[in-house]
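Participant: The structure follows.
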Amino acid sequence: MAENNTKVCRSCGTMQVHRRLLDSDPDYARRLARIEEQAFRARRGMMPLRPGCTRIPVVVHVVWKTPAQNISQAQIDSQIAVLNQDFRATNGDISTVPAPFAPLTGDARLVFALADRDPAGNPHDGVVRVQTDRDGFGSDDAVKFSSSGGSDAWPRDEYLNIWVCQLTGGLLGYAQFPGGAAATDGVVVTHTGFGTTGTASPPFNRGRTTTHEIGHWLNLRHIWGDDGGGCSGSDFVDDTPNQGGPNTGEPSFPTISCSNGPNGDMFMNFMDYVDDAAMVMFSEGQVVRMHACLDGPRSAIGETVPCGGKPPFKDAAKDPLSDPVPKSLANDPPKSIIQDGPKNPVQDPPKPPIYDPPKGIFEPPKQVIDPPKGIADPPKGLTDPPKSALEPPFGPPLGPPVVTPPIQPPMQPATPFVLGTGAPAASAQQPAPLLAHYAQILQSYASLHQRGLLDAQGLAAWQQAYAAYQQLGGR
């Protein structure tokens, strides 16, 4: 029999889910804007990191058709062990981080444990097993509903939901960024990429797919910024080098792209696409972003506990190495400020995200969706013929903006955000990064408008974003 030398590469469906939600749910885009405003404040050192460690209860939904897919408790336990090493930077292979990147490794101070109570308060082992008649699942969230052959989510403000099933099309896993619907919140991992034993198969048999997807759940982006290989995307983290697309397999150091020598890509980061054996670290900047998520949109989940050699410890008196944690914080974790919005402006705008909408979203819709009552007459000026392809209500052309921003925008004075966009207001001192950011925002509004999903507030925010885009010289 001839040997099969076909290379198996990592495949993550998180951005597919993200773009689908942008196109279908106008509130998702608004919630993301508010979440990013808080993340940018944390990025500029305007918010302290969380004290101690955060202990997160986990429920694992095992959705299976064949006996092999009904993974063992040992396989589940092996995955929890990996998470507790990777998110505490205690994994043995962290020593393989190249010397130039070693000082940037970060301890997220997160610990994970299978839930010991179900939503009704009854004792539980944290594992739900559901037999299905489906051969497999995709990234359409069907595995998250019993009505479509899956398992219903437990409350997301109390548990991290992880679904383990047979994924199709070579998909290893996917997650939902904070800001999405509660019923679909969590991460999905194929059973052959879950844990370190049982059905886990090389090169994804070290539990790193789940680490990667939980990174997304905590608002981390792919390290190259999801712009293809354009060198203009951003993961919104300052200490991860600009990178030209994903790395796969087990690269050698240095791997240089986007003129980022001499050290090149941080390919050993958990948010790249390399094999499990090659991804071994989060950066300090990524830890800041995860903590901003836990202080904001995910502040309801988990509890603050002391950190120690073998987390989690619930009794600080038994752990002499624990971090001091104020009782008020241990009993009452920080509340989210997302509902009230940020009170301080961001001093430095982010590297702009690149939104690459699916082909065809600007074609005329096949079904006209009636707009909600009260917005039949759009704000004055929206019905006038547009003077630009980006002007409301028609939206921008397909494809990413032509503006290529610098790798790191220069530090600027405090800049107010444009309401509802998550972008700083116009400034003549920094037009290039903001032009790309506003172009992405305008693309999102255009897609939502063509589906009849914008209300009066959304249309007004679109106009405001377009006015700022014009002030920066956009046409």
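Participant: So, of the residues in the stretch 308-325 that are surrounded by fewer than 22 Cβ atoms within 10 Å (Cβ to Cβ) and in contact with a strand residue (DSSP E or B) (Cβ under 9 Å, 6 or more places away or on another chain), which turns out to be modelled with the highest pLDDT? I'd like the intermediate steps shown before the answer.
Facilitator: Just the residues of the stretch 308-325 that are surrounded by fewer than 22 Cβ atoms within 10 Å (Cβ to Cβ), to begin with: 308-310, 312-325.
Adding the requirement that they be in contact with a strand residue (DSSP E or B) (Cβ under 9 Å, 6 or more places away or on another chain) leaves 308, 312-314, 316, 322-323, 325.
Working: Gly308: 79, Pro312: 39, Phe313: 35, Lys314: 35, Ala316: 35, Ser322: 38, Asp323: 39, Val325: 37.
Within the stretch 308-325, the match that is modelled with the highest pLDDT is Gly308.
Participant: Moving to a separate point now. Across the stretch 279-293, which residue is nearest to Arg50 (Cα to Cα) among those that are of a type outside the set (A, V, I, L, M, F, W, C) and assigned to a helix (DSSP H, G or I)?
Facilitator: First, pick out the residues of the stretch 279-293 that are of a type outside the set (A, V, I, L, M, F, W, C): 283-286, 289, 291.
Still in the running and assigned to a helix (DSSP H, G or I): 284-286, 289, 291.
On the way: Glu284: 13, Gly285: 14, Gln286: 14, Arg289: 11, His291: 6 Å.
Checked the stretch 279-293; the qualifying residue nearest to Arg50 (Cα to Cα) is His291.
Participant: Regarding Ser234, is this residue surrounded by fewer than 19 Cβ atoms within 10 Å (Cβ to Cβ) and among the hydroxyl-bearing types (Ser, Thr, Tyr)? Talk me through it step by step, then tell me what you get.
Facilitator: Values: surrounded by fewer than 19 Cβ atoms within 10 Å (Cβ to Cβ): no; among the hydroxyl-bearing types (Ser, Thr, Tyr): yes.
When the stated conditions are applied, Ser234 does not pass them.
Participant: Further, regarding this structure: Output yes when any residue across the stretch 108-119 is assigned to a loop (DSSP other than H, G, I, E, B) and under 30 Å from Gly261 (Cα atoms), and no when none is.
Facilitator: Here is the first cut: in the stretch 108-119, the residues assigned to a loop (DSSP other than H, G, I, E, B) are 108-109, 115-116, 118-119.
Next, from what is left, pick out any that are under 30 Å from Gly261 (Cα atoms): 108.
The answer is yes, given that some residue of the stretch 108-119 is assigned to a loop (DSSP other than H, G, I, E, B) and under 30 Å from Gly261 (Cα atoms).
Participant: Here is a follow-up. For the stretch 108-160, which positions are farther than 22 Å from Ala68 by Cα, of a type outside the set (D, E, K, R) and open to solvent by 70 Å² or more (accessible area, probe 1.4 Å)?
Facilitator: Within the stretch 108-160, Ala120, Asn122, Pro123, Ser147 qualify.
Participant: Another one. Please determine whether any residue of the stretch 9-29 is over 30 Å from Asp275 (Cα atoms) and open to solvent by 50 Å² or more (accessible area, probe 1.4 Å). Show your work before the answer.
Facilitator: Applying the first criterion (over 30 Å from Asp275 (Cα atoms)) to the stretch 9-29 yields 23-29.
Now restrict to residues that are open to solvent by 50 Å² or more (accessible area, probe 1.4 Å): 24, 27.
Within the stretch 9-29 (the criterion being over 30 Å from Asp275 (Cα atoms) and open to solvent by 50 Å² or more (accessible area, probe 1.4 Å)), the answer is yes, since at least one residue qualifies.
Participant: Please verify whether the stretch 46-68 includes one or more residues that are in a helix (DSSP H, G or I), crowded, with 22+ Cβ neighbours inside 10 Å, β-branched (Val, Ile, Thr) and touching a residue at least 24 places away in the same chain (Cβ under 8 Å). Reasoning before the result, please.
Facilitator: Looking only at the stretch 46-68, we keep the residues that are in a helix (DSSP H, G or I), and these are 67-68.
This time we only want the ones that are crowded, with 22+ Cβ neighbours inside 10 Å, so: none.
Checked the stretch 46-68: no residue is in a helix (DSSP H, G or I), crowded, with 22+ Cβ neighbours inside 10 Å, β-branched (Val, Ile, Thr) and touching a residue at least 24 places away in the same chain (Cβ under 8 Å).
Participant: Test Ala99 against the criterion of being open to solvent by 40 Å² or more (accessible area, probe 1.4 Å), part of a helix (DSSP H, G or I) and out of contact with any helix residue (DSSP H, G or I) (no Cβ under 9 Å at 6 or more places or on another chain), and give yes or no. Quick ask: steps written out before the conclusion?
Facilitator: On the way: open to solvent by 40 Å² or more (accessible area, probe 1.4 Å): yes; part of a helix (DSSP H, G or I): no; out of contact with any helix residue (DSSP H, G or I) (no Cβ under 9 Å at 6 or more places or on another chain): yes.
No; evaluated as a whole, the condition is false for this residue.
Participant: Among the residues of the stretch 161-174, are any open to solvent by 10 Å² or more (accessible area, probe 1.4 Å), in contact (Cβ under 8 Å) with a residue 60 or more places away in the chain and within 27 Å of Asp27 (Cβ to Cβ)?
Facilitator: yes
Participant: Moving on. Would you confirm, using the coordinates I've provided, whether Gly215 is open to solvent by 30 Å² or more (accessible area, probe 1.4 Å) and under 20 Å from Cys9 (Cα atoms)?
Facilitator: Numbers: open to solvent by 30 Å² or more (accessible area, probe 1.4 Å): no; under 20 Å from Cys9 (Cα atoms): yes.
Criteria not met by Gly215.
The values are calculated or read from the model by the stated rules, or taken from the named source; none is laboratory data. Keep in mind that what you see is a predicted model, and the values were worked out from it rather than measured. Positions of Cβ are backbone-derived with ideal geometry, glycine not excepted, and every protein chain shown enters the neighbour counts. SASA here: full protein model, heavy atoms, side chains in, ligands and nucleic acids out. Shrake-Rupley method; radii C 1.70, N 1.55, O 1.52, S 1.80 Å.
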